[in-house]
1. Going through the stretch 51-96 one residue at a time, which ones are within 16 Å of ligand 2 (Cβ to nearest atom) and either assigned to a helix (DSSP H, G or I) or closer than 19 Å to residue 126 by Cα (or both)?
2. Being within 13 Å of ligand 1 (Cβ to nearest atom) and either in contact with a helix residue (DSSP H, G or I) (Cβ under 8 Å, 6 or more places away or on another chain) or in a loop (DSSP other than H, G, I, E, B) (or both) is the filter here; which residues of the stretch 131-145 pass it?
3. When you scan the stretch 20-32, do you find a residue that is more than 16 Å from ligand 1 (Cβ to nearest atom), surrounded by fewer than 17 Cβ atoms within 10 Å (Cβ to Cβ), in contact (Cβ under 8 Å) with a residue 24 or more places away in the chain and in a strand (DSSP E or B), even just one?
4. So, in the stretch 183-210, of the ones that are surrounded by 19 or more Cβ atoms within 10 Å (Cβ to Cβ) and part of a loop (DSSP other than H, G, I, E, B), which residue ends up farthest from ligand 1 (Cβ to nearest atom)?
5. Hey, any hits in the stretch 247-260 for a residue that's assigned to a helix (DSSP H, G or I), away from ligand 1 (no atom under 15 Å from the Cβ), free of Cβ contacts under 8 Å to residues at least 40 places away in the same chain and under 17 Å from the mean Cα position of the chain (by Cα)?
6. Residues in the stretch 129-136: is at least one within 28 Å of residue 190 (Cα to Cα) and either touching a strand residue (DSSP E or B) at 6+ places or on another chain (Cβ under 6 Å) or surrounded by fewer than 24 Cβ atoms within 10 Å (Cβ to Cβ) (or both)?
7. Could you grab me the full set of residues in the stretch 205-224 that are in contact with a helix residue (DSSP H, G or I) (Cβ under 9 Å, 6 or more places away or on another chain) and more than 16 Å from ligand 2 (Cβ to nearest atom)?
8. For residue 171, state whether it is assigned to a loop (DSSP other than H, G, I, E, B), closer than 23 Å to residue 51 by Cβ and away from ligand 2 (no atom under 15 Å from the Cβ).
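Coordinate-derived values only; no laboratory data. Quantities reported herein were computed from a predicted structural model and do not represent experimental measurements. For neighbour counting, all protein chains shown are included, and Cβ atoms are generated from backbone atoms with ideal geometry for every residue, glycine included.
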Ligand code: HMG
Ligand code: MG
């Protein structure tokens, strides 16, 4: 099995993990979550979204979250920015990286950001330019890279086409996202191979929702193709408001347990992440969905 010595884990719980929660989560809790994740050693945390509060009310306090956190030197704090207005708010809030997010499926693009793929790229152009001028990192996320909740399986060429356009916009990193988690290892390998024909694999990440329990296998398949950046969410929190039934990202505890077992360096303290997972799921009144997290927490309690 070919695996890298080191991977970058992007912790997305404060954004992807929380955005779908119906009950508004206090800003203080969001700040504590980001701070505890920073202390656990994550090199990159998706901390906020500067989207329309009418579309995603839970993310309305992004500026306050960014203002309240304690920045850990060396951690990149990212935020979603669908348009120039979002970019300006993110810049004012002091984020290190902005994320433009499109889709490889027309139907999902319409549902999620209310425009076609071509329109979204035109909307991202000024954001990308402004990000470059401000010296911020720019990441591009491609939803429905495996399948779409409205259109079914996504042709590989559609993913490559959006990746090419995001590369042309100057994206430093490109996320291949399995929004609904239906992808299986062979197809993930195919999509990653195709994308890495045009994008340096060191700049491609895997963003896998774990709806069908395939994420760890999909991460292994992606590592075989040379991918070494993965997104995960503590305690498996999350889901997308525009992909009904899709569950959270693969749980960070499970990913760290696998990576460390494979001898891969993540720089993240799994023990601390287990505690964070138990704390945040307890706060939300439910049992966390990380298998490794729950097992390690039970062992600690014994
Ligand atoms: P729209 O309605 O077409 O645009 O929405 P608009 O320009 O007509 O704006 C509508 C209202 O929102 C206006 O307010 C704007 O001012 C306001 P009104 O005049 O009605 O009072 N507005 C904003 N407010 C704050 N910040 C902004 C902003 N922009 C407009 N930046 C828009 C278009 C893109 C804004 C909307 O569709 C939107 O915000 N969508 C976000 C959806 C979203 O956040 N989805 C979840 C994140 S993506 C995801 O989870 C997938 C990912 O994890 C990868 C994967 O798993 O697939 C990344
Ligand atoms: Mg997602």
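1. Step one: of the stretch 51-96, the residues within 16 Å of ligand 2 (Cβ to nearest atom) are 51, 55-56, 58-59, 78-82.
If the condition is that a residue be within 16 Å of ligand 2 (Cβ to nearest atom) and either assigned to a helix (DSSP H, G or I) or closer than 19 Å to residue 126 by Cα (or both), then 51, 58, 59, 78, 79, 80, 81, 82 are the ones that fit.
2. Those that are within 13 Å of ligand 1 (Cβ to nearest atom) and either in contact with a helix residue (DSSP H, G or I) (Cβ under 8 Å, 6 or more places away or on another chain) or in a loop (DSSP other than H, G, I, E, B) (or both): 140, 142, 143, 144, 145.
3. The answer is no; no qualifying residue exists.
4. Looking at the filtered set, the residue picked out is 199.
5. yes
6. No: the stretch 129-136 contains no residue that is within 28 Å of residue 190 (Cα to Cα) and either touching a strand residue (DSSP E or B) at 6+ places or on another chain (Cβ under 6 Å) or surrounded by fewer than 24 Cβ atoms within 10 Å (Cβ to Cβ) (or both).
7. Residues satisfying the conditions are 216, 217, 220, 221, 224.
8. Values: assigned to a loop (DSSP other than H, G, I, E, B): yes; closer than 23 Å to residue 51 by Cβ: yes; away from ligand 2 (no atom under 15 Å from the Cβ): yes.
It is true that residue 171 is assigned to a loop (DSSP other than H, G, I, E, B), closer than 23 Å to residue 51 by Cβ and away from ligand 2 (no atom under 15 Å from the Cβ).
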